[in-house]
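Report on one structure; see the data block that follows.
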Amino acid sequence: MFGTAHEAARAYDAMAWRLQRPPAQLNFHDVFTREQAQSVAPPPRLITDQDRAEHRRRQRRLLIAEEDERAMAEWRHRHPEDVAAKHAFWAERMAKRRAER
């Protein structure tokens, strides 16, 4: 991952030079050698323990959210009368608000 599209394009060009892609497939035409492409490409992002911890935290939150969605879908499937009552409650509340305006 890169901070900007420009950095990503420079990194792409550096890899394209390594893979000996034709110049027409490059993003920047101001680079004439592989060494130049490497020198202007952003350095690779270092993966730190903090990055790993943040990734694990996000993964746990995603799993919890997915489990919540699954549980709510199961609940709606098993209790359609509750879903209908909920919709009726909100419809009545919105009607009251409209009438007050």
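The values are calculated or read from the model by the stated rules, or taken from the named source; none is laboratory data. Quick caveat: nothing in here was measured; it's all calculated off a predicted structure. We place every Cβ from the backbone using ideal geometry, glycine too, and count neighbours over all the protein chains shown.
Can you tell me which residue among ALA41, ALA24 is modelled with pLDDT under 90 and either within 22 Å of THR4 (Cβ to Cβ) or of a type in the set (Asp, Glu) (or both)?
None of the other options fit; the residue is ALA41.
If I filter segment 1-49 down to residues being part of a helix (DSSP H, G or I) and of a type in the set (Asp, Glu), which single residue comes out as surrounded by the fewest Cβ atoms within 10 Å (Cβ to Cβ)?
Among them, the one singled out is ASP49.
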